[in-house]
């Protein structure tokens, strides 16, 4: 077994606050990303509760239209750019270098910069509330509504915040890619990478290629609004549809950016708690890469009703992209099949993900059919779909990842009984909130409306509101679990879950340099192989010592 | 036994395993993202061009001669001097590298000055409808990237003059040289699109 | 354990079928139906084709849902780790056969769905060369105008209910969509259809209605402050009733309003933006008709405005709606009938957030 002993890092002599503010350690940065993301999730959640309270009653006058429009705009923007994306970046930051046996990310200082941009840009975004109104043109900021004559300074702040946030994403993505390509432990070939690392890789490629396009659109919009530009306002000779094309060219890869790492987390959790390897590793890699590539070819399916899209191509591509996603679903189920399932909270969330993401995937397939899309687009059907994939998908996976990696990150276990309550409340709340929205959309309820008139829509809206408050209760309880866990002594074992990958081959939390000794890497489950030498195939028994610098 | 030691020193010095230096790989990916930024702007340009009856619109015909062509020659020449500087340091010739970097920087700054002069003589501004918006946004952001590259060259030149580079250690020069080529290629694309393809 | 798993799966299936049946039987009239999985039948030929496709996709989705959720729940119940069982299960890494199966079968399904979808799209896109009726729809923040140009009729909505579009059934109707400002969307759930109303672009489509009745419509592309209130109504009538309606409206349009008595009071009012009138208070004498000389001071190309008086009793009715709308730069004189003494709120029907107080004594 190849090992090494590394020199001890020096201990800090300054205050803990200074340590955290100036750290370039990927583990601390990862934790800060996660903490910041939970903070913004709560903010975004409060905005959602405002929306749901308003919609519980028809013709409600509780929240004036102007404020409501800010609520849903800020809710979407916050959840996407300040909760899901940074949260997944945080898990990637924390776990990926450990999983590949590296000591840190390739560019630690840029890593710190990437993180600190997040709270700064978040402050910029929310400052709109103090300047006469936050952005209120929807998170998609369609033109001409987002132009200066229809939207105030909140929109400019939104643009600047997203430009900064985008910079953070791009730098983070470059860091991830270089780290994965260059800093893998000896023996870790590309096809022995944990699946989570593969999903991070493909996501990082998507970020590098998609986010700059958003930046170009934001820049053009800013020029329209502040320098007399004419890009997107037809009244000035511009093209309103151009904004949508530029935005969605980013926007569609963006949704894969938000789901692929979530897929990766599930693909780590399910094998551990099924005590079997992930079924179809290579197929999974192929499916992930296919989704990444195809994801650049479907953007106009968000624009079917504009009349400005070549429908057959985008419809076909959209139908096609459901195939690799389906392959993954089946591979996950096959992973559990004939396994020995342990239902820790993390595993419960993973199963909750499977159940919910399936619904989100299926209801999205309806929209691939253009004649059907003409009815359901821009209605609550789409709100249902997007929340099933982003909440039932990404957020559930994030919860699974949190319960899974929390002990590694802070050296304490989260309470499993509280965790099961969290899961039950959140899963039930999710179904109550978003399932009825399918029906509301079919009944004709458009999205982004501050109030509605038909009283027949009220009962399902009330159910959704109850669901939203149920989710909120589950989050409060979850935060309580984390808070109390942090006050317990840090006595979590190295490998509490009997897991497979390298991060569990070191202490919880790991030392600053990550590994005292690295196990040899012979498959995508190096720790499993170490623990089960009886399963080692005789042919490879001879290849024990790995010479230095042999790379891959 | 050295299984993990290579990573620790690798992260510090950037040459982990065989293959591209980490900093250089980072720069390549950064350039890829910058290309996508310009792709968005070019996409906007070709969208308007494809939809317009008359393009460029009346009164917006820009002449590639004499100034834009001269500026193109200057910028392309600067890519040659930049390449020369890189080749020089690859064989250890610090003096030649410094000289070539200085010339590259000078050419880059002349390009920027010339661009500003060209701007001042154009009969339209960014406020002049779609074409004005496109022209100034595209060339303006290109100019900003030239400025960024010039700052990079300045930093590398300062470090070079203080003797920080050698045949074995000059990753920053390699990185900046790729960035500079990228800036040049974008200009060639812009020049061709705005002044010839129209 | 296995029996429990099977029982669970069976009951879940039964529950799912029950829910669907109940949903399908729920009351069904488009526009005001109780929400369920099977919207009331669309009232256009094109919409019905789309709805059939929806139903087909729905049942395939249900089948996949039942199959996969069933497998998940079965696995969760059947393969629980028994207490004390620490033996590793068989470490199956994968199966090429299964991978091919669950790639090829879904691929075939989506290809089939795509082909069906395209067939239906052809029906939706179909148009006739000389449609008997063309309606021009103009959307602007936050109201609709329906123009029947060939018939010389124009209707702009009042308040949140918006205008009514009367259409004949059984005939091809050609629609043209225009926007005066931002993107809106023309959506009638009863049509199972919507199309965006985009400035700088005229979207056109044909529909053939086949059922009389009254159906609601609403803007479906977020367009700002009044987006939620940008509604309208479609009234489908028989061709005979339609001709009669056209004739009646043409007569009404010709009728000139009764002139104001000489010496009637004349008030001036203007608007230069969409947030507030230039004057926030007006006063008039009770019991006498009066004129409001209204000037739209917006720059050329700006939005239209008008002057309307709300019912002080609080209903959403308007006591008076100034017609026609004053376009940017225009001055229009509105003849307001006599009002009883009291305090009234006046608004712009296009921008209902613009309000003022009219004191009548």
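Bear in mind that the values in this text are calculations on the coordinates, not laboratory data. For clarity, every value in this text was computed on a predicted model and none was experimentally measured. As a convention, Cβ positions derive from the backbone with ideal geometry for all residues, glycine included, and neighbour counts pool all protein chains shown.
Output the residue which, of all residues in the stretch A:476-492 that are in contact (Cβ under 8 Å) with a residue 40 or more places away in the chain and part of a loop (DSSP other than H, G, I, E, B), is surrounded by the fewest Cβ atoms within 10 Å (Cβ to Cβ). Steps first, please.
Of the stretch A:476-492, the ones in contact (Cβ under 8 Å) with a residue 40 or more places away in the chain are A:477-482, A:484-486, A:488-492.
Within this subset, residues satisfying the condition of being part of a loop (DSSP other than H, G, I, E, B) are A:488-492.
Values: A:488: 14, A:489: 7, A:490: 12, A:491: 10, A:492: 21.
Of everything passing the filter in the stretch A:476-492, A:489 is surrounded by the fewest Cβ atoms within 10 Å (Cβ to Cβ).
Count, please, the residues in the stretch A:114-135 that happen to be within 22 Å of the chain's Cα centre (by Cα) and surrounded by 16 or more Cβ atoms within 10 Å (Cβ to Cβ). Quick ask: steps written out before the conclusion?
Kept after step one, since they are within 22 Å of the chain's Cα centre (by Cα), are these residues of the stretch A:114-135: A:114-126.
Adding the requirement that they be surrounded by 16 or more Cβ atoms within 10 Å (Cβ to Cβ) leaves A:114-115, A:117-118, A:121-122, A:124-126.
Selection size over the stretch A:114-135: 9.
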Exercise. Restricting attention to the stretch C:267-316, which residues are in contact (Cβ under 8 Å) with a residue 60 or more places away in the chain and surrounded by fewer than 16 Cβ atoms within 10 Å (Cβ to Cβ)?
Worked result: C:275, C:276, C:279, C:280, C:281, C:283, C:285, C:286, C:316
For this session: From the list A:359, A:376, A:466, pick out the single residue that is away from chain C (no Cβ under 14 Å) and in contact (Cβ under 8 Å) with a residue 12 or more places away in the chain.
Result: A:466
For this session: Identify all residues within the stretch A:432-447 that are within 9 Å of chain C (Cβ to nearest Cβ) and part of a helix (DSSP H, G or I); write none if there are none.
Result: A:436, A:438, A:439, A:440, A:441, A:442, A:443
For this session: Would you be able to say whether some residue in the stretch C:135-145 is within 9 Å of another protein chain (Cβ to nearest Cβ), out of contact with any helix residue (DSSP H, G or I) (no Cβ under 8 Å at 6 or more places or on another chain), surrounded by 21 or more Cβ atoms within 10 Å (Cβ to Cβ) and not in a strand (DSSP E or B)?
Result: yes
Seminar exercise, completed: Taking the stretch C:55-86 and keeping only residues that are facing chain A (nearest Cβ under 7 Å) and in a helix (DSSP H, G or I), one is left with C:57, C:61, C:64, C:65, C:68, C:69, C:71, C:72, C:75, C:76
For this session: Would you be able to say whether some residue in the stretch C:123-132 is facing another protein chain (nearest Cβ under 7 Å) and either over 30 Å from residue A:304 (Cβ atoms) or not in a loop (DSSP other than H, G, I, E, B) (or both)?
Result: yes
